[in-house]
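The values are calculated or read from the model by the stated rules, or taken from the named source; none is laboratory data. On a predicted model such as this, the values are computed, not experimentally measured, just so you know. We place every Cβ from the backbone using ideal geometry, glycine too, and count neighbours over all the protein chains shown. We work out accessible area using only protein heavy atoms, side chains counted, and drop any ligands, DNA or RNA first. Shrake-Rupley method; radii C 1.70, N 1.55, O 1.52, S 1.80 Å.
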Amino acid sequence: MTSPASKSPTQRSSFLPLSLAILASSILTIHAEDEYENAPIRYSDSTPNDAAQQLESLMAAGKVKIDRTDPWTVLRDVMKQFNIPQESQVMVFSKTSKQNDRISPQTPRVVYFGDNAYVGYCLGGSIEVATIDPKLGPIFYLLDPYEEPAKPLHFQRDNSCLSCHGGPFTPEVPGVIVRSVYPGPEGHPIMSQGSTVVDTTTPFTDRWGGWYVTGRHGSVLHRGNVTATEKNDQSIDIDFKAGANITNLAKFFDITPYKRKQSDIVALMVLEHQTSVQNILTKANHAALRAMHMQTSLQRELGETVMSEPTGTARRIIDHAAEDVVEALLFKDEAELPDGGIEGDPAFQTAFTKRAPQSSDGRSLKDFQLLHRLFKYRCSYMVYSLTFQHLTAPLKETVLARLWDILDGKDTSGHFDYLTTTERGHIRRILAETLPGAPAEWKKALASK
């Protein structure tokens, strides 16, 4: 008997009852920017199940105490609860945040991240928090580290962040982003030059405008570490060479107030990959949840048998979403690193790979390569993320089936030929041995080879 996870899309039923004929037109009538506020997501109206809410409950119960000596101790202890390593620090000086009045090339905002949480801090300001709810996606909060000690710390949900984190920059879902801009001398983005939302496919030369970058990258230039001046004809003056191969940021601003002095090039690339995959996972899951909600709602309304398996339009929506997820997980169209690769802070690499799930032969999806590409094995560690682990069942089954077909050499599309047979074999073993809930057939397949 074929398990759901092993069915290919062509094996699914193509029968299209009346309810599913209505489904496509119903989905198209929902205004894109409001989709996540409608059923079944109801982003703003839903109570999140995320790390910030859990931490607040633990603090209220006296089970967790945060050192409130100063903002840095609050930040440190909150990050510890969210499993965010301090070594993940990167710095952004463009005014592209809620606390723009505190951000400048002389006072950059620090950003830290773990697999399922992100925090940012501006000197003298609030701590910005984004933690992942498995269904809703990122939830945005402000935490005041200067709150009177007699009052409890409180994660204040802040949906105003959705003006940037819930629209075109984040494929119309609540999302986390890394933008590259052309910053003026005070850090204001020069709007006439546009901006780039950076993902795994973004060319190296288009990255990090408005960010500080420490590390080596050879002769290829990026946009980091420098500001631009706009001329009367709307062209700009900018010296990218002045920002190349920087290992000490002291020449750009006073680094004394900052506990760590790096804005690591490898951490930046990991952050860019992670945020883009997180958004694709959130978008795919929302699409699948809406499709199944619409299907079952219409079936009930029309008195039809309610089916847990997607069919017709719902099936097509989920197949399309699954393909987007698979392409993101397998680093399709990944931008190449400069000749000679990149060199970053070893402390970040150690912290990032610590406790990474490993196969029986010691391989991990977090193993770095850094010569031609970011990771040795081109399957994203985001398969361990909260969102991936809680994908709605039809979507997750489709993703896993498609993923295994590609890794097992059964895909004939040619889209993933960049993965060698050896690399696919390593990824198969890592997934079969470390992925929670991996189909039993995967381990059996390994044993038979």
- Message: Which numbered condition in (1) open to solvent by 10 Å² or more (accessible area, probe 1.4 Å); (2) in contact (Cβ under 8 Å) with a residue 24 or more places away in the chain is the only one that Arg109 fails?
- Response: (2)
- Query: Quick one: what pairs do we get from the stretch 319-346, first residue on the phi > 0 side of the Ramachandran plot, second of a type in the set (S, T, N, Q), C-beta under 6 Å, 6+ apart or different chains?
  - Reply: Phe331/Thr200; Asp333/Thr201
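From the set of residues in the stretch 280-307 that are touching a Lys or Arg at 6+ places or on another chain (Cβ under 8 Å) and either assigned to a helix (DSSP H, G or I) or among the hydroxyl-bearing types (Ser, Thr, Tyr) (or both), which is nearest to Pro134 (Cα to Cα)? Outline the logic, then answer.
We begin by selecting, within the stretch 280-307, every residue touching a Lys or Arg at 6+ places or on another chain (Cβ under 8 Å); these are 285, 289, 306.
Those left that are additionally either assigned to a helix (DSSP H, G or I) or among the hydroxyl-bearing types (Ser, Thr, Tyr) (or both): 285, 289.
Numbers: Asn285: 9, Leu289: 12 Å.
Filtering first and then ranking leaves Asn285.
Asn83: open to solvent by 10 Å² or more (accessible area, probe 1.4 Å) and closer than 20 Å to Val266 by Cβ, yes or no? Break it down stepwise before answering.
Numbers: open to solvent by 10 Å² or more (accessible area, probe 1.4 Å): yes; closer than 20 Å to Val266 by Cβ: yes.
Against the criterion (open to solvent by 10 Å² or more (accessible area, probe 1.4 Å) and closer than 20 Å to Val266 by Cβ), Asn83 qualifies.
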- Message: For the stretch 263-272: of the residues being in contact with a Leu (Cβ under 9 Å, 6 or more places away or on another chain) and buried (at least 24 other Cβ atoms within 10 Å of the Cβ), which is nearest to Ala393 (Cα to Cα)?
- Response: Met269
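Check every one of the helices (runs of 4 or more DSSP H) wholly within the stretch 382-449 and list those with 1 or more residues that are farther than 21 Å from Asp367 by Cβ and open to solvent by 30 Å² or more (accessible area, probe 1.4 Å).
Values: elements: 386-389, 393-407, 421-434, 440-448.
It comes to 386-389, 393-407, 440-448.
Would you confirm, using the coordinates I've provided, whether Met294 is over 23 Å from Pro168 (Cα atoms) and free of Cβ contacts under 8 Å to residues at least 40 places away in the same chain? Step through it out loud before you land on a result.
Values: over 23 Å from Pro168 (Cα atoms): yes; free of Cβ contacts under 8 Å to residues at least 40 places away in the same chain: no.
Criteria not met by Met294.
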- Query: Considering only the stretch 141-166, how many residues are under 25 Å from Leu391 (Cα atoms) and open to solvent by less than 10 Å² (accessible area, probe 1.4 Å)?
  - Reply: 2
- Residues of the stretch 204-222 satisfying the condition of being within 16 Å of Asn248 (Cα to Cα), open to solvent by less than 20 Å² (accessible area, probe 1.4 Å) and of a type outside the set (Phe, Trp, Tyr): Val213, Thr214, Gly215, His217
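Would you be able to say whether some residue in the stretch 367-379 is farther than 20 Å from Arg216 by Cα, open to solvent by 40 Å² or more (accessible area, probe 1.4 Å) and in contact (Cβ under 8 Å) with a residue 24 or more places away in the chain?
Step one: list which residues in the stretch 367-379 are farther than 20 Å from Arg216 by Cα, which gives 377-379.
Among the residues that remain, those that are also open to solvent by 40 Å² or more (accessible area, probe 1.4 Å) are: none.
No, there is no match, as no residue in the stretch 367-379 is farther than 20 Å from Arg216 by Cα, open to solvent by 40 Å² or more (accessible area, probe 1.4 Å) and in contact (Cβ under 8 Å) with a residue 24 or more places away in the chain.
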- Message: On the basis of being touching a Gly at 6+ places or on another chain (Cβ under 6 Å) and either open to solvent by 20 Å² or more (accessible area, probe 1.4 Å) or within 30 Å of His390 (Cβ to Cβ) (or both), does Arg102 make the cut?
- Response: yes
- Message: Testing Gln358 on (1) surrounded by fewer than 22 Cβ atoms within 10 Å (Cβ to Cβ); (2) part of a helix (DSSP H, G or I); (3) among the polar types (S, T, N, Q); (4) touching a residue at least 24 places away in the same chain (Cβ under 8 Å), one condition comes back false. Which one is that?
- Response: (2)
